[in-house]
Amino acid sequence: MRNTWLTNGSGETGAIFDFDGTLDRLLTALDQRPYSFKEFMEEWIIDQFLRTLDEFGLEKPWYWNLLVDELDIYHHMIYASAYSYRATFMVQFCDPRSSRRKWLRQKYPKYWDDMDAVWEQISERWRTVGPGPANEFAVHGTALPTFCDLCQLPLSAGTPRKNTARVFVHDGRKYIFCSEPCQWIFLHEPERYANHRIS
Amino acid sequence: MKRVLSGEAPAQLPNLLTEYFNLTPDTWGKDVHNGDYEWLRAWKDPARSLLD
């Protein structure tokens, strides 16, 4: 679901999807989950990518630290966003806490307190309106979601405390990006992306 | 978006889904438990053991 900006420095963008991180890791039963999405990425993607860079004598892209930092938070942000707009998906969602709460705090100590506060608000809303299918939309986003003009995913980068979305004007038109790297990619080839439309 | 801004389509997402796209609960994603979570039932339990 999420491109992770693994470019090679020339503006070519590789896409590594973390749909796995968003749904599978959060919804897989704990006893069948050998490691977290972050641990998976660190072992199978990050380490391998660094070896490849080293092999070809390339430097890490400037946003490398952002990418690594997002392994702690982005898939949690996008999942909370997807849950909040679940009616637009043909997927069943659930609050990822319960028995997973301790596990998530252990695996993602850097930002879990912030994410937990988001789920607390969702829980509070369910508690207020009561459970049941008739109350689904009472615990749901009502505003139209906004998407990044580069990666075309919901504006879910950053953390619950720091929104990284940014507006940029190009040729008299406003564009909105979820993050600085997405804007950077756009600026490398504006003619390529300027007329993209959210499908 | 143009249809929303012109007033042709509703700007509220639930209305957009149900009235404009004619979607039904059979087609959209749901909370699989419909918000019926054990820790919410135990919310007022002073121990709140499920939240620890």
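The values are calculated or read from the model by the stated rules, or taken from the named source; none is laboratory data. What you are looking at is a predicted structure, and each value in this text was computed from that prediction instead of being measured. Cβ placement follows ideal geometry from the backbone for every residue including glycine, while neighbour counts extend to all protein chains displayed. With ligands, DNA and RNA removed, areas are computed over all heavy atoms of the protein, side chains included. Shrake-Rupley method; radii C 1.70, N 1.55, O 1.52, S 1.80 Å.
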>> Here's a check for you: in segment B:15-39, which residue that is modelled with pLDDT of 90 or more and acidic (Asp, Glu) is surrounded by the most Cβ atoms within 10 Å (Cβ to Cβ)?
In response: B:31
>> Residues to consider are A:86, A:166; find the one that is away from every other protein chain (no Cβ under 14 Å), under 17 Å from the mean Cα position of the chain (by Cα) and surrounded by 15 or more Cβ atoms within 10 Å (Cβ to Cβ).
In response: A:166
> Looking at this structure, is residue A:54 without any contact (Cβ under 8 Å) to a residue 40 or more places away in the chain and surrounded by 15 or more Cβ atoms within 10 Å (Cβ to Cβ)?
Replying inline: no
> Do you know which residues across segment B:1-45 are assigned to a loop (DSSP other than H, G, I, E, B), of a type in the set (Val, Ile, Thr) and either farther than 28 Å from residue A:100 by Cβ or more than 16 Å from the chain's Cα centre (by Cα) (or both)?
Replying inline: B:24
> So which residues in segment A:106-126 are charged (D, E, K, R) and open to solvent by 90 Å² or more (accessible area, probe 1.4 Å), if there are any at all?
Replying inline: A:110, A:113, A:125
>> Of the conditions (1) more than 10 Å from every other protein chain (Cβ to nearest Cβ); (2) in a helix (DSSP H, G or I); (3) surrounded by 17 or more Cβ atoms within 10 Å (Cβ to Cβ), residue A:96 satisfies every one except a single condition; which number is it?
In response: (2)
> Which ones in segment A:59-83 are surrounded by 14 or more Cβ atoms within 10 Å (Cβ to Cβ) and outside any helix (DSSP H, G or I)?
Replying inline: A:60, A:61, A:63, A:71, A:72, A:73
> Right, residue B:42: at pLDDT 80 or above and not charged (D, E, K, R) or not?
Replying inline: no
> Which ones in segment A:122-166 are of a type in the set (Ser, Thr, Tyr) and either within 28 Å of residue B:37 (Cβ to Cβ) or not in a loop (DSSP other than H, G, I, E, B) (or both)?
Replying inline: A:123, A:128, A:142, A:156, A:159
> Of (1) part of a loop (DSSP other than H, G, I, E, B); (2) β-branched (Val, Ile, Thr); (3) open to solvent by 60 Å² or more (accessible area, probe 1.4 Å), residue A:91 satisfies all except one. Which?
Replying inline: (3)
